[in-house]
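First the structure, in the form of structure tokens, and then the observations on it.
The numbers here are math on the coordinates, done by the rules we state, and not lab data. These numbers come from a predicted model, not from an experiment. All Cβ positions, glycine included, derive from the backbone under ideal geometry; neighbour counts span all protein chains shown.
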Amino acid sequence: MRIVPAQPADVDKLLAFREEAAAWLRELGSDQWSRPYPADRLLATIESGTVFMVCDGAVTAATITLTPDAEDGLWSARELSEPSMFVNKLTVARTHAGTNLGGRLLDWAGDRAFRASAKWLRLDAWTTNDALQQYYLRQGFEHVRTVREGGAVNGGPRVSGWLAQRLAVPAGHGLTDETSAPESLIPAL
């Protein structure tokens with residue numbers, strides 16, 4: 001399987017991919033990703049070079065957004081002073097569920113974060129999705145805290161505020177990496 005940067009032409013494919021994941025989550029009783037994701041926001045993240053896809057032949061098997069930018073209001077100033085990369089929107093196709101593709105993709109993200117001189121690989125997860133939180137704990141993440149206030153709408157309840165991190169370390173992931181080398185988070189002297 002290959003990991004490649006997403007391209008602007010992939011927007012419709014990735015929106016459909018997300019809707020497939022949202023439908024599966026609904027079947028499990030979760031409201032995670034119940035609101036459609038705006039195509040213009042997805043296009044902007046693709047154009048910024050932070051969206052990646054795992055391709056198994058012609059099939060998109062998984063996607064991940066990996067960025068040096070934290071979502072506002074989640075991490076403390078001290079935490080933000082530590083070089084970190086942030087995982088968002090990790091999604092594995094149902095056809096590839098149960099193959100540890102998500103774990104391998106997290107290892108790829110940790111390896112990429114390490115190569116960018118990050119100390120931490122961080123993420124936030126849905127506050128009510130206990131199964132997802134347990135998954136991340138099994139993947140070596142440590143729960144930092146849960147932020148429940150300061151959501152995007154009128155500062156109300158935050159739905160994705162379960163914060164976790166693990167050290168960014170070199171890792172074998174078994175994916176053919178067709179992405180360019182990450183930019184260092186540490187400015188050159």
Checklist entry - For the chain, what is the relative contact order in percent, using Cα pairs closer than 8 Å and at least 6 residues apart in sequence? => result 23
Checklist entry - What helices does the chain have that are whole DSSP H segments, at least 20 Å long along their own axis by Cα, and with mean Kyte-Doolittle hydropathy of 0.5 or more? => result none
Next on the checklist: If packing is taken as the average count of other Cβ atoms within 10 Å, what order do 137-143, 83-89 fall into, highest mean first?
Outcome noted: 83-89, 137-143
Checklist entry - If you take the square roots of the eigenvalues of the alpha-carbon gyration tensor of the chain and sort them as a ≥ b ≥ c, do you get rounded (a/c under 1.5), prolate (a/b over b/c) or oblate? => result rounded
Checklist entry - So, in nm, how far is label Asp40 from label Ala70 when the simple model puts each one 7 Å beyond its Cα toward the Cβ? => result 2.8
Checklist outcome for this item: Taking the chain and counting helices only, DSSP H stretches of n ≥ 4 at -39,500 (n - 2.57) each over all residues, the nearest-500 ellipticity at 222 nm comes to -8500 deg cm²/dmol
Checklist entry - Hey, got the dipole for the chain? About the Cα centre, +1 on K and R Cβ, -1 on D and E Cβ, debye to the nearest 20? => result 340
Item to check | GNM flexibility winner over the chain from Arg18, Arg122, Arg94 (Cα, springs under 10 Å) | outcome: Arg94
Item to check | For peptides 35-44, 64-73, sequence by mean Cβ density within 10 Å, most packed first | outcome: 64-73, 35-44
